[in-house]
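The values are calculated or read from the model by the stated rules, or taken from the named source; none is laboratory data. The structure presented is a predicted model; accordingly, all values stated were derived computationally and were not measured. Positions of Cβ are backbone-derived with ideal geometry, glycine not excepted, and every protein chain shown enters the neighbour counts.
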Amino acid sequence: MINLPLAILFSTLIMVTFKLFERYRIDTIQAITVNYVVAVAFGLITYRGDLTPAEVVQLPWYPYASVIGVFFILVFFVFATSARKVGIAITAVSSKMSVIIPVLVGVLIMKNDSLNVVKTIGILLALIAFYLTFKKREAVSIRKRYVLLPLLLFLGNGTNDSLQSYTTYTFGTNLANHTTLMLIVVFGTALVIGTGISLWRAVVHKVGIAPRNMIAGTVLGLLNFLSTYYFLRSLDFYPNTVFFPVFNAGIVAMSALTGLFLFKEQLRPINKFGIVLAVIAIIVIARGG
């Protein structure tokens, strides 16, 4: 039971960390790359198995973990870019509404789950809560060349969640015994891509590494490892139609409350109603499960 609350907590802290990036002028690309160095290192330190790299490559879930690693870093970059160019509100809503994709995958493709009236009502309440919680007073104007960013985030985040869910479901016990090892593969794949991008920037654009970026990346890496670890552990206990709506609604509620109390962000009555509705959605979905 503790896995899901911890997954929500550490995922919320990642959003808080990204919010602090702007305040402390953190280079997002450098921090994300360092984050994967730390995540891989943390995984290697905590791994208790004795498989060699050659044996790991032969494991049936290895190709899936590699693809997830590619999506991990791509979605991270899209999220960071969308937050800067489109705004955190639209970015957060696009990210969380992607819950629709893994829910549909669980019901229609994996066929290990089903929808009932109570779950459906809860999911609809969660979607409404996402929108209301992040709704701003002013109209948002998006430049045409950035209009696809929220859509890409919606598709990328939903696809990544679905891949993790499908992999966990398909390989079952074998993967449950190798959760840390899978994370090493996922983060290692993302690290290779991030390192390539950072080296290209260093050579072509002469971008040096600043100590503050390394510190930010270290914090982000620890949070990233822990949030993903408990995310995967939670998938062992809950069906998609329960886990993903509760997980996303929980992050929405905690992120909004964190913004209110930690960053002194002003919440309109409609935003507060959205938070309450998110909590109601969690209760409804849990009862429907």
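Mind checking whether some residue in segment 44-67 is touching a Gly at 6+ places or on another chain (Cβ under 7 Å) and assigned to a helix (DSSP H, G or I)? Checked against the condition, which is being touching a Gly at 6+ places or on another chain (Cβ under 7 Å) and assigned to a helix (DSSP H, G or I), segment 44-67 yields no hits at all.
Kindly indicate the residue of segment 214-268 that is of a type in the set (D, E, K, R) and more than 18 Å from the chain's Cα centre (by Cα) and also nearest to Ala278 (Cα to Cα) among those meeting that condition. Checked segment 214-268; the qualifying residue nearest to Ala278 (Cα to Cα) is Arg268. From the list Pro53, Pro60, the one residue that fits, being farther than 18 Å from Ser227 by Cα, without any contact (Cβ under 8 Å) to a residue 40 or more places away in the chain and not small (Gly, Ala, Ser), is Pro53. If you go through segment 140-149 one residue at a time, do you hit one that is modelled with pLDDT of 85 or more and among the β-branched types (Val, Ile, Thr)? No, segment 140-149 has no match at all.
Of all residues in segment 12-42, which are polar (S, T, N, Q) and under 11 Å from Val219 (Cα atoms)? Thr17, Asn35, listed by residue number.
One residue stands out in segment 215-262 among those that are out of contact with any Asp or Glu (no Cβ under 6 Å at 6 or more places or on another chain) and not in a helix (DSSP H, G or I): the one that is nearest to Leu132 (Cα to Cα), namely Leu262.
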